[in-house]
Amino acid sequence: MESKSTDFNHLTVLHNAMIVTMDPDSRVFRNGGIAISGDKIKAIGHSSEILLQFSASADHIIDLHSQILLPGFINTHVHTSQQLARSIADDVDLMTWLHHRIWPYESTMTEEDSYVSSLLCGIELIHSGVTCFAEAGGQHVSGMAKAVELLGLRACLTQSIMDCGEGLPAPWAAVTTDDCIQSQKELYKKHHNTADGRIRVWFGIRQIMNATDRLLIETRDNAIKLETGIHMHVAEIPYENLKVMNERNVDHGTVTYLDKIQFLGNNLLSAHTVWVNDNEISFLSRNGVKVSHCPASAMRMLGFAPIREMLDAGICVSIGTDGAPSNNRMSIVDEMYLASLINKGREVFVNGTTNPSVLPAEVVLQMVTINGAKSVLWENEIGSLEVGKKADMVVINPSSWSMVPAHDSISCLVYSMRTENVVSVMCNGRWIMKDKKIVNVNEEDVILMAKKACKELVERAGIRIPNRMNFI
């Protein structure tokens, strides 16, 4: 694919592609074309119609040679600052993972570390077709924002907020509730709607075990006032629910308590949400809460989330990768595959019989596109290929050993596609990856920076990784 100008006044036409729009009518153009004016989609239809209408005025006409064009994928739960911590906390329980590996690592990070980590993570996200992500919480949002702006991605950035709890590193234990609220307001003022509108700033709650009631309530109220979202880890492990029951006097756990204090709302992105009962699913549905399902990290440390029941209740469920220490792979393509298979397998344990029709391919595609857009409160501009929406899209090459033959193209996108099939990625009308090459940074340079930074960071944090075998 030839180089194209980034001038927002230019008109670009892509044609000869299978276009999977993910629009309300689930339209798929077998031989489709799309016209892009600046950062928005101007027209979409059959190739012949688009070429006839726009060839004369187009600055660039690109033949996609029967490749597949999709809306950019949206990863709704990512810890970009944890990318430098890949493999430091494998095969341990969640509390060990937090208190003895991840929190010492995160509390030692500098803003430059966060920048390098976010660059490395962003590269991996782009290679898997992601154009937008929801940051799950880190310490240096300014470092994240710098990386997002440079890479050309779209993101909802969140600070990791805690004002109480066991196991906090000394610098975090000294942070007050007032500090937590004020820092988020300042980050919102500094970074919200920056980078040509690609960056939004959300409020964050790390988890209920590290949040006082005052922090929860003031976070809720400030997010409503500023018309932004809240990203929170919810009901991850049984211990969390038990602690909430014992200390906050409710009959089940986190979701029940959040409902009791009127924290649940349509601007809440509830990550993981594994240990919930039927009543709590009703609470989530009634309040319009969005859920980010992270299959790999859930199966690694948390368990089976009741995703089928959530979807049946009308809850908007999207997909996230989580961070590198809890997944190792930042590929939304892998998560699509896992989401379908894991939830099919879960039916055996729930109902005593198999149900291969659970989470079919078209539903999984919705979870990483339009459901993702709804989850990050951006559905009016992204998540589907429609006239007037932002030109966020991904080009897939289906003509490789991993996807041939494609008897069912939609099925192949979920069950056969690999990251290697992602060819080019556009965000906000600009190519951020072309022909598998990241446009705005040199990948090799970032990798060298990351290797140096991660070694120094782990040493500063005093983390010791046990040898698994006899190294000589």
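The values are calculated or read from the model by the stated rules, or taken from the named source; none is laboratory data. Owing to the predicted nature of the structure, the values given are computational and were not obtained by experimental measurement. All Cβ positions, even for glycine, are placed from backbone atoms using ideal geometry, and neighbour counts span all protein chains on display. SASA here: full protein model, heavy atoms, side chains in, ligands and nucleic acids out. Shrake-Rupley method; radii C 1.70, N 1.55, O 1.52, S 1.80 Å.
Take the alpha carbon gyration tensor of the range 353-422, find the square roots of its eigenvalues, order them as a ≥ b ≥ c, and report rounded if a/c is under 1.5; if not, report prolate when a/b exceeds b/c, else oblate.
oblate
Would you list the P(r) distribution for the range 388-472, with all Cα-Cα distances sorted into 10 Å bins from 0 and each bin expressed as a whole %?
14, 24, 26, 23, 13, 1, 0
Which value, in Å², gives the accessible area per residue of the chain when a 1.4 Å probe is used on the protein heavy atoms?
Heavy-atom accessible area per residue stands at 40 Å².
In debye, nearest 20: dipole of the range 104-242 around its Cα centre with unit charges on the Cβ of K, R (+) and D, E (-)?
The dipole magnitude comes to about 480 debye.
Let me know the charge dipole size of the chain about its Cα centre in debye, to the nearest 20, where only the beta-carbon of Lys, Arg (+1) and Asp, Glu (-1) is charged.
That gives a dipole near 300 debye.
Run the numbers on the range 1-85 and let me know its relative contact order in percent, using alpha-carbon pairs under 8 Å that are six or more apart.
Relative contact order comes out at 34 percent.
Rounded, prolate or oblate for the chain? Axes are the square roots of the Cα gyration tensor eigenvalues, ordered a ≥ b ≥ c, and the cut-off for rounded is a/c under 1.5.
Judged from the Cα gyration tensor, the chain comes out prolate (a/c at least 1.5, a/b above b/c).
When only the heavy atoms of the protein chains count and the probe is 1.4 Å, how do His233, His407, His10 rank by accessible area, highest first?
Ranked list, largest accessible area first: His407, His10, His233.
222 nm [θ] for the chain, helices only, -39500 (n - 2.57) per DSSP H run of 4+, per residue, to 500?
Taken over the chain, the calculation gives -10500 deg cm²/dmol.
Any idea what the relative contact order of the range 170-220 is, in percent, if you count C-alpha pairs under 8 Å spaced at least 6 apart?
Normalised by residue count, the contact order of the range 170-220 is 33 percent.
Roughly speaking, what is the centre-to-centre gap between the range 421-472 and the range 93-156 when only Cα atoms are used, to the nearest Å?
Between the Cα centre of the range 421-472 and that of the range 93-156, the gap is 11 Å.
What does the C-alpha gyration tensor say about the overall shape of the range 85-242? Classify as rounded when a/c is under 1.5, otherwise prolate if a/b is larger than b/c, or oblate.
oblate
Whenever you get a sec, line up Ile61, Ile34 from highest to lowest accessible area (probe 1.4 Å, protein heavy atoms).
Listed by decreasing accessible area, they come as Ile61, Ile34.
Averaging sequence separations of C-alpha pairs under 8 Å and six or more residues apart, then dividing by the length of the range 209-328, give the relative contact order as a whole percent.
So the answer I get is 21 percent.
So for the chain, taking the charge dipole from beta-carbon charges (+1 Lys/Arg, -1 Asp/Glu), which of Thr219, Ser409, Val439 sits furthest toward the positive end?
So the residue we want is Val439.
What number comes out for the charge environment of Val250, summing +1 per Lys or Arg and -1 per Asp or Glu over other residues with Cβ under 15 Å away?
Residues close to Val250 contribute a combined charge of -3.
Can you give the charge dipole size of the range 1-122 about its Cα centre, rounded to the nearest 20 debye, using +1 on the beta carbon of Lys and Arg and -1 on the beta carbon of Asp and Glu?
Magnitude of the dipole: close to 420 debye.
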